[in-house]
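Asker: Let me begin by handing over the structure; questions about it come next.
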Amino acid sequence: MSHELTWLLVAVPALSAAILLLGGKATNAWGHLLGTLAPVISFAFGVVLFFQMRGRASEERSETVRLFEWFSVGQIKVDFTLLIDPLSILFVLLITGVGSLIHIYSIGYMEHDPRRRRFFGYLNLFIASMLLLVLAADYLLVFVGWEGVGLASYLLIGFWQHKNSAAVAAKKAFVVNRVGDIGLSLAVMSMWALFGSSAFTTVNAGAEHVSKTWATLLGLMLLLAACGKSAQVPLQSWLLDAMEGPTPVSALIHAATMVTAGVYLVVRSHAIYEVTDAASTAVVIVGTVTALAGAIIGCAKDDIKKALAGSTMSQIGYMMLAAGLGPAGYVFAIFHLLTHGFFKANMFLGAGSVMHGMNDDVNMRHYGALRTSMKVTFATFAFGYLAILGIPPFAGFFSKDKIIEAAFADNTVIGLCALLGAGITAFYMTRVMLMTFFGKKRWAEDVHPHESPAVMTWPLIILAALSLGGGALYFAGHWIVDWLEPIVGHEEEHPPVSALVMTLITLAVVAVGIVIAVLKYRRDIPREAPAGSPVTVFARRDLYGDALNEAVLMRPGQYLTRTLVWLDNRGVDGLVNGLAALFGGLSGRLRRFQTGFVRSYALSMVFGAAFVVVALLAVRLS
Amino acid sequence: MSAMLLPVADFTAPKIEYNELAPLLVVFGAACVGVLVEAFLPRPLRHLVQLAITVVAVVVSGVLTGILMNDKKELLAAQGAISVDGPALFTWLILLALSLISVLLFAERSIDGGLSAFAGQAAAVPGSDAEREGTAARVEHTEIFPLTLFAVGGMMLFAASNDLLVLFVALEVFSLPLYLLCGLARRRRLISQEAAMKYFLLGAFSSAFLLFGIALLYGYAGTMSLGGIADALSSDTGSDTILLAGTGLLGVGLLFKVGGVPFHSWTPDVYQGAPTPVTGFMAACTKIAAFVGLMRVFYVALGGSRWDWAPMMWIIAILTMVVGSIVAITQTDVKRMLAYSSIAHAGFLLTAFVGLAQAGSGVHTGITSTQAVLFYLVSYGFPTIGAFAVVTLVRDAGGEATHLSRWAGLGKKSPLLAGIFAFFLLSFAGIPLTAGFTGKWAVFSAAWTGGAWPLVVVAVLSSLVAAFFYVRVIVLMFFSDLPADAPDVALPGWQTTSAVALGLAATVVLGLVPGPVLDLAARAGEFIR
């Protein structure tokens, strides 16, 4: 049974990362090839596992692979156990599949970077950690992968560390993610306290027996963790800055895979959320708010990667929303996660291809009319565009439509918000499309746009095909529903109006968004951004998220540290220096008794002897 | 009157347990052979032969001790005068191990232009023609080896003596050779002779206290044997004043050897003046012998009156720790700094000694004072000899460069040597993963379980102060610039190399896996009477 070799999925990229990072310059010549081979091997193995799993009856598809006892302290015992089931195999395929494409793309994208080998080492580290995260059968092991992807994300955002903005962005991502990680570590500790174990099986079995308060608390802790990793409000601020990393990183980590880990965590913890309405509702609210906030931010960005990052936030918001809806939404959260992985990676890589041809300029106001000089990039980007808008028969149509239907079935307000978000999405994506590929040339004089090499365009073509065909997972006999139901459960939702009407309404709203954008951006676009209305400024400033963080967290923190430093200088250091001076002075004085004369030494002995005898007698007599 | 008329035939020869006393007899016998070698062997052969005899004697004695320990035979030998018990055997073993390292240092001849650290002719006036001629002819005092053996034998006897008179004789047997050895430095001989003179005068002075204390205790108990005094105490006959005065004066004599404040004043001067290998030997071995002797007398003979002497010992312990740590801060000579450090260590040892005065009563559950002290002595002895061995290697034209300012930047000149010295200092400071940490933990926990928590508090505070001056030297070595006229680091011969290596290895092993030695100390059990 080859599922016992599941650990190879993780081990291959981990080994490759170790070779690349420890091997040093000796591996420079072939490092990128090894780095690319590793996820491809994992992908091939993942496909084998997938088909084996398909061959089994639906109840027998989950397999746990216990590798060894990790540690055992008192009552708590943690095994290093992997869980390979229909949910995790989908992630394995997404991570290694999209990951392989992006590795191939990176060979061309990073060709002229002197540290390319290290880049591939970090990417492999990411792949290994992400696979560990989704394959772990214990929350503590999830945490290991969770921290591993955080580390890889940090290293890759700051990969161009010579740029101050990249270093700052990496630090910001790291710090914000730490806040979320507190949630996960608290959750793991609470699980130990409540269930005596953090294994999925124990937690799932015990979830219905814990008190409602504890279930809610656990749900909120896990939500906090998910917010950090998936850039959900209020921990969203790092994702936009994370675009400082190389574009393949943005595509793989900050669009397709890592940022969706929060959705995975919520879906994986469905047993907990099923017993607590409060925490589920919180997930829905966070998802809805982020879906709208990300969309609004996306409308105002002139930086193509930041516009796409806003879009990522927004789309993950949709997934969260769906995950918060319970059994009606889990399947569609994962479904949308997969299709989003395809079309967003596609568009990010397309943006990278555009940047490649535009001397790494990211400002869309300097683009325009690129459809003629970059035909493949344009065509593939268009596939992604149509998919995210939800135009049938592209993949996004099936996944997003189902989420909006489920939202309406749950609550009309949430449904309206989701619908509005779809309209805004149509607006800003059309804006990106028009500013980049249509209109007049606004290029700088020394820029000569050209199509990217084949090693970059082929991944784009494959991803474009997936953006088109990914919907087949659903419309081919609701395959994904049947596939995931044994793991996460499923209930058919019943929207207030029929599904067909819902779809037409959604398409109408999307059309309105497109029309507004076309009307607004078909005219000439200035090379410099106009001042804009207060709403635009609000959106450009990321809805003042950073300002809020600064006012609420950073400044009070700075005051606190300043006060502590002052106290340390005046109080603690003063005390320490004073003590040092005291002992130094005492030492200098005592030293004078060491005269060097035998007679004074003998005298001190006599005094000492007298003291000893007197002390003895005094003790007895008292 | 009838006693006068006893026929000669009734005289029974004392029973001597030769097997159990063999370690002692081997050392003393070898020392006598060494004296004969001086008399009958031609000069060129002596160094090698003496070294061989000494090393063989120490090793054989150590093996014999090991066999005795293994057999777990504990008895009072020589009509109750010598106690061959667990602690005594354990002490013999450490004394012999440390003596072996010291003897290697004594035999080193390659770091000072082919000459040893000892004067060629002690009688020649320093700087005179006679001395120059002697140096040119490579004359040397190979008597240092039998002298060392006598000292080692005396220390072993001292730690095992179960009778105050034997205790006194042993004290003199190991003190007299040390006085001589102290005055034999080849370089800076005047300061060395001054040190020997001071040591001798103050040693004689303290012996007088000791002897008077013994006399008073004999007056109280009517016997010299430790067991007899304990019996007299429990039956509570005789004058308390004589008992207390005797206790006090005996304590003064023993505390002098230990280096307790205010009887410590000889230590810095003698440590600084004596040839550095001798300083290392004294600092490690004298302290060990004296401490075990102190514990034996106070636990075995005077254990019954512990509530009388404990408060006095508390004060001495506190004074010793505080003065040793504080005065060390302002020392500018590395040997003097190590001297004060050894005083502070005596204070930490006293903490354990006095913390659990009820040794043998079996009320405690943790580590006993005896075990803690024995382990601490091991963990203190090896880095001490190692540190002094390192001191012999940092030299300039005038011999060893012992002024601390001359050690600035040593880490840049010889990272290995400075690193080793830093490691010994960290062990003295009690940093985890070194022998010193485990030792400190042992004595502090013994004192704590014995209820002497104020002592432990003072001890921890003193350790903090002490850590300052150890770390200061490390900072000086590694973070100061190397001056242009920095002293050289001599290339050591195999003797010093192996001495440093042994010291280092023991310090590392005791820090990482203290278990076996702790077990050995625990197996040593308590003193018998």
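Asker: Of the residues A:Ala610, A:Ala615, which single one is touching a Pro at 6+ places or on another chain (Cβ under 9 Å) and within 10 Å of chain B (Cβ to nearest Cβ)?
Answerer: Numbers: A:Ala610 fails: touching a Pro at 6+ places or on another chain (Cβ under 9 Å).
When all the criteria are applied, what remains is A:Ala615.
Asker: Could you look through segment A:562-594, keep only residues that are under 15 Å from B:Pro262 (Cα atoms) and within 9 Å of another protein chain (Cβ to nearest Cβ), and pick out the one that is least open to solvent (accessible area, probe 1.4 Å)? If you could, list the steps in order and put the result at the bottom.
Answerer: Step one: filter segment A:562-594 for residues under 15 Å from B:Pro262 (Cα atoms), giving A:590-594.
The next check asks that each one be within 9 Å of another protein chain (Cβ to nearest Cβ); those that pass are A:590-591, A:593-594.
Values: A:Leu590: 52, A:Arg591: 93, A:Phe593: 157, A:Gln594: 33 Å².
In this case the residue turns out to be A:Gln594.
Asker: Report yes if A:Val134 is of a type in the set (Val, Ile, Thr), touching a strand residue (DSSP E or B) at 6+ places or on another chain (Cβ under 6 Å) and in a helix (DSSP H, G or I), otherwise no.
Answerer: Values: of a type in the set (Val, Ile, Thr): yes; touching a strand residue (DSSP E or B) at 6+ places or on another chain (Cβ under 6 Å): no; in a helix (DSSP H, G or I): yes.
The answer is no for A:Val134.
Asker: Can you pull out every residue in segment B:216-228 that is within 14 Å of chain A (Cβ to nearest Cβ) and either open to solvent by 60 Å² or more (accessible area, probe 1.4 Å) or among the hydrophobic types (A, V, I, L, M, F, W, C) (or both)? Even if it seems obvious, please write down each step before you answer.
Answerer: Let us first name the residues in segment B:216-228 that are within 14 Å of chain A (Cβ to nearest Cβ), namely B:216-217, B:220.
Within segment B:216-228, B:Leu216, B:Leu217 meet the criteria.
Asker: When you go through B:Asp236, B:Asp240, B:Asp231 one by one, which is the residue that is open to solvent by 40 Å² or more (accessible area, probe 1.4 Å), within 27 Å of B:Leu76 (Cβ to Cβ) and within 14 Å of chain A (Cβ to nearest Cβ)?
Answerer: Details: B:Asp240 fails: within 27 Å of B:Leu76 (Cβ to Cβ); B:Asp231 fails: within 14 Å of chain A (Cβ to nearest Cβ).
Result: B:Asp236 is the single residue among B:Asp236, B:Asp240, B:Asp231 that is open to solvent by 40 Å² or more (accessible area, probe 1.4 Å), within 27 Å of B:Leu76 (Cβ to Cβ) and within 14 Å of chain A (Cβ to nearest Cβ).
Asker: Starting from segment B:41-64, keep only residues that are over 15 Å from B:Thr148 (Cα atoms), then list their pairs with residues that are open to solvent by 50 Å² or more (accessible area, probe 1.4 Å) whose Cβ atoms are within a distance under 7 Å, requiring at least 6 positions of separation or different chains.
Answerer: Every condition considered, the pairs that remain are B:Gly62/B:Leu93.
Asker: Scan A:Phe68, A:Phe51, A:Phe126 and give me the residue that is touching a residue at least 12 places away in the same chain (Cβ under 8 Å) and either part of a helix (DSSP H, G or I) or within 25 Å of A:Lys25 (Cβ to Cβ) (or both). Full working, then the answer.
Answerer: Values: A:Phe68 fails: either part of a helix (DSSP H, G or I) or within 25 Å of A:Lys25 (Cβ to Cβ) (or both); A:Phe51 fails: touching a residue at least 12 places away in the same chain (Cβ under 8 Å).
The unique qualifying residue is A:Phe126.
Asker: It is to be established whether one or more residues within segment B:248-261 are at the interface with chain A (Cβ under 10 Å from one of its Cβ atoms) and part of a loop (DSSP other than H, G, I, E, B).
Answerer: Taking every residue of segment B:248-261 in turn, at least one turns out to be at the interface with chain A (Cβ under 10 Å from one of its Cβ atoms) and part of a loop (DSSP other than H, G, I, E, B).
Asker: Okay, next question. Could we say that A:Tyr521 is under 41 Å from the mean Cα position of the chain (by Cα) and surrounded by 11 or more Cβ atoms within 10 Å (Cβ to Cβ) here?
Answerer: Numbers: under 41 Å from the mean Cα position of the chain (by Cα): yes; surrounded by 11 or more Cβ atoms within 10 Å (Cβ to Cβ): yes.
It is true that A:Tyr521 is under 41 Å from the mean Cα position of the chain (by Cα) and surrounded by 11 or more Cβ atoms within 10 Å (Cβ to Cβ).
Asker: Further, regarding this structure: Please determine, by comparing only the residues of segment A:71-109 that are on the phi < 0 side of the Ramachandran plot and in a loop (DSSP other than H, G, I, E, B), which one is least open to solvent (accessible area, probe 1.4 Å). Step through it out loud before you land on a result.
Answerer: If we filter segment A:71-109 for residues that are on the phi < 0 side of the Ramachandran plot, which is where we start, we get A:71-73, A:75-109.
With the extra rule that they be in a loop (DSSP other than H, G, I, E, B), the set shrinks to A:75, A:85.
Working: A:Gln75: 173, A:Asp85: 4 Å².
This residue is A:Asp85.
Asker: Determine whether segment A:291-299 contains at least one residue that is surrounded by fewer than 24 Cβ atoms within 10 Å (Cβ to Cβ) and closer than 30 Å to A:Ala215 by Cα.
Answerer: yes
Asker: Same structure again: Suppose we filter A:Ala199, A:Ala251, A:Ala278 for residues that are touching a strand residue (DSSP E or B) at 6+ places or on another chain (Cβ under 7 Å) and over 22 Å from A:Leu548 (Cβ atoms); which single one remains?
Answerer: Of A:Ala199, A:Ala251, A:Ala278, the one residue that is touching a strand residue (DSSP E or B) at 6+ places or on another chain (Cβ under 7 Å) and over 22 Å from A:Leu548 (Cβ atoms) is A:Ala199.
Asker: Can you tell me which residue among A:Ala602, A:Ala618 is closer than 24 Å to B:Gly273 by Cα and of a type in the set (Gly, Ala, Ser)? Don't jump to the end; show me each part of the working.
Answerer: On the way: A:Ala618 fails: closer than 24 Å to B:Gly273 by Cα.
Checking each option against the conditions leaves just A:Ala602.
Asker: Among the residues of segment A:337-377, how many are open to solvent by 10 Å² or more (accessible area, probe 1.4 Å) and touching a strand residue (DSSP E or B) at 6+ places or on another chain (Cβ under 8 Å)?
Answerer: Result for segment A:337-377: 2.
Asker: Scan segment A:362-380 residue by residue and report those that are within 17 Å of A:Arg527 (Cβ to Cβ) and either at pLDDT below 85 or over 28 Å from the mean Cα position of the chain (by Cα) (or both).
Answerer: Here is the first cut: in segment A:362-380, the ones within 17 Å of A:Arg527 (Cβ to Cβ) are A:362-370.
If the condition is that a residue be within 17 Å of A:Arg527 (Cβ to Cβ) and either at pLDDT below 85 or over 28 Å from the mean Cα position of the chain (by Cα) (or both), then A:Arg365, A:His366, A:Tyr367, A:Gly368, A:Ala369, A:Leu370 are the ones that fit.
Asker: Another question about this same structure. Can you tell which of B:Val49, B:Val59 is within 24 Å of the chain's Cα centre (by Cα), surrounded by 12 or more Cβ atoms within 10 Å (Cβ to Cβ), over 24 Å from B:Val166 (Cβ atoms) and modelled with pLDDT of 90 or more?
Answerer: Numbers: B:Val49 fails: within 24 Å of the chain's Cα centre (by Cα).
B:Val59 is the lone residue from the list that is within 24 Å of the chain's Cα centre (by Cα), surrounded by 12 or more Cβ atoms within 10 Å (Cβ to Cβ), over 24 Å from B:Val166 (Cβ atoms) and modelled with pLDDT of 90 or more.
Asker: Of the conditions (1) away from every other protein chain (no Cβ under 14 Å); (2) hydroxyl-bearing (Ser, Thr, Tyr); (3) open to solvent by less than 90 Å² (accessible area, probe 1.4 Å), A:Tyr559 clears all except one; give me its number.
Answerer: With respect to (1) away from every other protein chain (no Cβ under 14 Å); (2) hydroxyl-bearing (Ser, Thr, Tyr); (3) open to solvent by less than 90 Å² (accessible area, probe 1.4 Å), A:Tyr559 is out only on (3).
Asker: Out of everything in segment B:380-403 that is part of a strand (DSSP E or B) and of a type outside the set (A, V, I, L, M), what residue ends up being least open to solvent (accessible area, probe 1.4 Å)? Walk me through it before giving the result.
Answerer: Keep residues of segment B:380-403 that are part of a strand (DSSP E or B), which gives B:394-396, B:399-400, B:403.
This time we only want the ones that are of a type outside the set (A, V, I, L, M), so: B:395-396, B:399-400, B:403.
Numbers: B:Arg395: 28, B:Asp396: 54, B:Gly399: 0, B:Glu400: 27, B:His403: 83 Å².
Among residues in segment B:380-403 that are part of a strand (DSSP E or B) and of a type outside the set (A, V, I, L, M), the one least open to solvent (accessible area, probe 1.4 Å) is B:Gly399.
Asker: Next up: Could you check segment B:417-450 and list, in sequence order, the residues that are in a helix (DSSP H, G or I) and without any contact (Cβ under 8 Å) to a residue 40 or more places away in the chain? Step through it out loud before you land on a result.
Answerer: Taking segment B:417-450 first, the residues in a helix (DSSP H, G or I) are B:417-429, B:435-449.
B:Gly419, B:Trp441, listed by residue number.
Asker: What single numbered condition from (1) in contact (Cβ under 8 Å) with a residue 40 or more places away in the chain; (2) within 27 Å of A:Ile272 (Cα to Cα); (3) open to solvent by 60 Å² or more (accessible area, probe 1.4 Å) fails to hold for A:Met189?
Answerer: Unmet condition: (1).
Asker: Given the options A:Ala369, A:Ala345, A:Ala323, name the one that is part of a helix (DSSP H, G or I), among the small types (Gly, Ala, Ser) and either closer than 18 Å to A:Cys227 by Cα or touching a Lys or Arg at 6+ places or on another chain (Cβ under 7 Å) (or both). Spell out how you get there, then give the answer.
Answerer: Details: A:Ala369 fails: part of a helix (DSSP H, G or I); A:Ala345 fails: either closer than 18 Å to A:Cys227 by Cα or touching a Lys or Arg at 6+ places or on another chain (Cβ under 7 Å) (or both).
Criteria check complete, one pass: A:Ala323.
Asker: Please state which one of B:Leu96, B:Leu115, B:Leu41 is open to solvent by 20 Å² or more (accessible area, probe 1.4 Å), at pLDDT 90 or above and among the aliphatic types (A, V, I, L, M). Give the steps one after another, and end with the answer.
Answerer: On the way: B:Leu96 fails: open to solvent by 20 Å² or more (accessible area, probe 1.4 Å); B:Leu115 fails: at pLDDT 90 or above.
Result: B:Leu41 is the single residue among B:Leu96, B:Leu115, B:Leu41 that is open to solvent by 20 Å² or more (accessible area, probe 1.4 Å), at pLDDT 90 or above and among the aliphatic types (A, V, I, L, M).
Asker: Let me ask another. Test B:Pro268 against the stated conditions and say whether it is touching a Phe, Trp or Tyr at 6+ places or on another chain (Cβ under 7 Å), outside any loop (DSSP other than H, G, I, E, B), within 14 Å of chain A (Cβ to nearest Cβ) and within 26 Å of B:Phe118 (Cβ to Cβ).
Answerer: On the way: touching a Phe, Trp or Tyr at 6+ places or on another chain (Cβ under 7 Å): yes; outside any loop (DSSP other than H, G, I, E, B): yes; within 14 Å of chain A (Cβ to nearest Cβ): yes; within 26 Å of B:Phe118 (Cβ to Cβ): yes.
Yes, satisfied.
Asker: Any idea which of (1) modelled with pLDDT under 90; (2) open to solvent by 10 Å² or more (accessible area, probe 1.4 Å) is the one B:Val323 doesn't satisfy?
Answerer: Of everything listed in (1) modelled with pLDDT under 90; (2) open to solvent by 10 Å² or more (accessible area, probe 1.4 Å), B:Val323 misses just condition (1).
The values are calculated or read from the model by the stated rules, or taken from the named source; none is laboratory data. Keep in mind that what you see is a predicted model, and the values were worked out from it rather than measured. Cβ sites come from the backbone with ideal geometry, for glycine too, and all protein chains shown count toward neighbours. Side chains are part of the model used for accessible areas, which takes the heavy atoms of the whole protein and leaves out ligands, DNA and RNA. Shrake-Rupley method; radii C 1.70, N 1.55, O 1.52, S 1.80 Å.
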